[in-house]
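The values are calculated or read from the model by the stated rules, or taken from the named source; none is laboratory data. These figures come from a predicted structure and were not determined experimentally. Cβ coordinates were reconstructed from backbone atoms using ideal geometry, including for glycine residues, and neighbour counts include every protein chain displayed.
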Amino acid sequence: MSIDLTTEIKEILLEAIRKSKREGRLPLQDIPELLLVPPKNKVHGDLSTNIALQLSRQFKGKNPLEIAQIILDNLEIEDTMINKVDLVSPGFINLWVKEDWLYQNLREILKKGEEFGKLNIGKGKRIQVEFVSVNPTGPLHVGHGKCAAVGDALSNILKIAGYKVEKEYYINDQGRQMDLLGGSVQARYNQLLGESWNFPEDGYKGEYIKDIAQEIISEYQDKYQGKKDEETREFFKEIALQKILKGIEEDLKEFGVEFDVWFSERSLYQENKLQEAIELLKERDFLYQKDGALWVKTTAFGDEKDRVIVRENGMPTYFASDIIYHQNKYQRGFNQVIDIWGADHHGYIKRMKAAMQALGYPEDFLEVLIVQFVTLIKDGKEVGMSTRGGEFITLHDLVQEVGKDVARYFFLMRSYDSHTEFDLNVAKSQSMENPVYYIQYAYARICSIIKNAKTLNLPITDLEKVNLNLLDKEEEFELIKKLSLLKETIKSAAINWKPHLLTNYLYDLASLFHKYYTVYRIITDDLELTKARLLLIECVGLVLSNTLKILGISAPERM
RNA sequence: GCGCCUGUAGCUCAAUAGGAUAGAGCAACGGACUUCUAAUCCGUAGGUUGGGGGUUCGAUUCCCUUCGGGCGCGCCA
């Protein structure tokens, strides 16, 4: 097991700090997490830390420069990867790294291959990510696609960061909306068979309802024509649910998203879990009766008002389902669950988090991530997305139109909490405007060069026999530094739950490669140089494909 | 009215956990193909980070206030 090189340098700095503490020159309580990052400006070195500035908080009045100087006094850089150290006002410690450190990164990447990027910051902690969870009453639209992309990518990021992750879809398969769905399909079925049949008020009017009715006709002919009994209603409800769920599952699969668990709301009520939750809440004194209904005292945990869990008529509310659903999650042993919701549900967060605390779970057991809306732009104009309007665009349509890779990238390229403006014209263009192709093209170029090298019988990735010192150009150093940053980027994406850090990283890396490619040839008359450069681009290719894989975007070998 | 998200270049957005001279792409203008794929590269121009206060060595980032945009405030789901 080789040591993480950035960690190694951090350790050297920390040792200097600990030594200063032992000597009494820095009477510290605790040492904050040491951040070691490449500065924006090259004159500030290869890596930089603000630790002295951080530490100066602990003892006011002490000049950060003095603190930095004390650390430097105790810093042993002989026989390390650090080449030079500098101290700059107001207290930054800047480090220059030996070239050998950079080369060592390449060795590590090559050795680990597809494993490069894996971390262990999760330490096996179990996290559940629940996302999409759309009511099974119609097809997924593009907004759900954004949630799906974010949830799936975040799950992959957490996995590679060392968490045990489960992806779950919650199916709201009971209640009024299911009755309406069944009723709507039943009405269309009968109408298609020539019956005069009233369409339910507030029913689902989309074309897909007619499609389902048509399917039922081909499968069952007129078997249920004109029937109005309970059994028939159940039949329509059930078959509509199954068909729509199947469609949702297919659309997601086509989008590259697969769930570990499809969890049915109905199943919650088969074990009388509601009673269990109510008992617990009562015991903990967060439950009371008022106006004939049962209320949860969510205001005790910051909610604006208390919420009804069982209605006056004895029926549990949707909130009740969600409480026992999350109780179930807790009982399944997750250390933390992340719910990903659309922006229209944000008002629900407080009461859910309050309910969790009322049940006695840790405050951060449930975290909710709110994904902002998507606006589709076509020919410079906004495309309406209401279900009622005719211009409904489904996720399926979008994937057909622009492809899975482009759709996923566009949803992930911006922070999920900013509104996505999805320009269909840009997404469809196979030009430099489209960042997906820009990145994939970098990978395809690398594959193409390696293929050429093979036809020329050039030896590839013979690590021991390559003289990496020949990689001495500025562009090469920049590339290697970027490669070595992958793990830090994944770490940051995992801790902050920000998949878009990886799309940005990919773009930067691709950009550095394209620049390098333009200035230098990989395959030259100089065999030794060629070998070294081939090794470098192989590493770039590996990192590109590893990162694309995390985001669920394919890495084509030729374009 | 209250709550959540948001406001950065003409447009779409970054800015890593409060760090150093706020960066990319597009659009505009000017260049580079006898080349391992030009789906590429180089250059020019573009800013009072909506406004105003505060916190500190330092604020696009945190707090208060104000203005604009989006969304939500059911014994609906």
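Can you confirm whether A:L281 is more than 25 Å from the chain's Cα centre (by Cα), over 22 Å from A:I127 (Cβ atoms) and touching a residue at least 12 places away in the same chain (Cβ under 8 Å)?
Taking the combined requirement at face value, the residue satisfies it.
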Do you know which residues across segment A:524-540 are within 12 Å of RNA strand B (Cβ to nearest atom) and either at pLDDT 95 or above or in a helix (DSSP H, G or I) (or both)? A:L529, A:T530, A:R533, A:L534, A:L536, A:I537
Looking at A:N120 and the list (1) of a type in the set (S, T, N, Q); (2) within 12 Å of RNA strand B (Cβ to nearest atom); (3) outside any helix (DSSP H, G or I), which single condition is not satisfied? (2)
Scan segment A:172-222 for residues that are assigned to a loop (DSSP other than H, G, I, E, B), farther than 29 Å from A:P316 by Cβ and either within 15 Å of RNA strand B (Cβ to nearest atom) or among the hydroxyl-bearing types (S, T, Y) (or both) and report the count. 1
Select from segment A:469-508 the residues that are within 9 Å of RNA strand B (Cβ to nearest atom) and in a loop (DSSP other than H, G, I, E, B) and write down the one among them that is surrounded by the fewest Cβ atoms within 10 Å (Cβ to Cβ). A:L485
Output the residues belonging to segment A:70-106 that are polar (S, T, N, Q) and either in contact (Cβ under 8 Å) with a residue 24 or more places away in the chain or exposed (fewer than 15 other Cβ atoms within 10 Å of the Cβ) (or both). A:N74, A:T80, A:S89, A:N94, A:Q104, A:N105
Scanning segment A:281-321 residue by residue, those surrounded by 20 or more Cβ atoms within 10 Å (Cβ to Cβ) and closer than 16 Å to A:I349 by Cβ turn out to be A:V296, A:T298, A:R307
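Any idea how many residues of segment A:253-278 are assigned to a helix (DSSP H, G or I) and touching a residue at least 60 places away in the same chain (Cβ under 8 Å)?
Start the filter on segment A:253-278 by keeping residues that are assigned to a helix (DSSP H, G or I), which leaves A:253-254, A:265-271, A:273-278.
Right, trim to touching a residue at least 60 places away in the same chain (Cβ under 8 Å) and you get A:254, A:265-266, A:268-269, A:277.
Residues flagged as assigned to a helix (DSSP H, G or I) and touching a residue at least 60 places away in the same chain (Cβ under 8 Å) within segment A:253-278 amount to 6.
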In this structure, does A:N156 turn out to be of a type outside the set (F, W, Y), part of a helix (DSSP H, G or I) and under 30 Å from A:K549 (Cα atoms)? yes
I'd like to verify a number: residues in segment A:414-454 that are in a loop (DSSP other than H, G, I, E, B) and surrounded by fewer than 19 Cβ atoms within 10 Å (Cβ to Cβ), how many? 10
Leading residue by the ranking (farthest from RNA strand B (Cβ to nearest atom)) among those in segment A:332-375 that are within 21 Å of A:I171 (Cα to Cα), of a type in the set (D, E) and modelled with pLDDT under 95: A:E367
Having 3 or more residues that are aromatic (F, W, Y) is the bar; report the strands (runs of 3 or more DSSP E) wholly within segment A:6-114 that clear it. none
Counting just the residues of segment A:517-559 that are charged (D, E, K, R) and under 18 Å from A:G113 (Cβ atoms), which one comes out surrounded by the most Cβ atoms within 10 Å (Cβ to Cβ)? A:E538
Some residue of segment A:172-179 being buried (at least 24 other Cβ atoms within 10 Å of the Cβ) and touching a helix residue (DSSP H, G or I) at 6+ places or on another chain (Cβ under 9 Å): no
Kindly indicate whether any position in segment A:455-468 is loosely packed, with under 15 Cβ neighbours inside 10 Å, within 15 Å of RNA strand B (Cβ to nearest atom) and free of Cβ contacts under 8 Å to residues at least 24 places away in the same chain. yes
Counting only residues that are assigned to a helix (DSSP H, G or I) and within 8 Å of RNA strand B (Cβ to nearest atom), how many does segment A:509-523 have? 8
Within 13 Å of RNA strand B (Cβ to nearest atom), closer than 18 Å to A:Y170 by Cβ and not in a helix (DSSP H, G or I): does that describe A:W295? no
In segment A:41-53, is there at least one residue being within 16 Å of RNA strand B (Cβ to nearest atom), modelled with pLDDT of 80 or more and in contact with a helix residue (DSSP H, G or I) (Cβ under 6 Å, 6 or more places away or on another chain)? yes
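Any residue in segment A:30-49 that is of a type outside the set (A, V, I, L, M, F, W, C) and over 33 Å from the mean Cα position of the chain (by Cα)?
No, segment A:30-49 has no match at all.
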From A:R307, A:R284, grab the single residue that is touching a strand residue (DSSP E or B) at 6+ places or on another chain (Cβ under 6 Å), more than 25 Å from A:E166 (Cβ to Cβ) and basic (K, R). A:R307
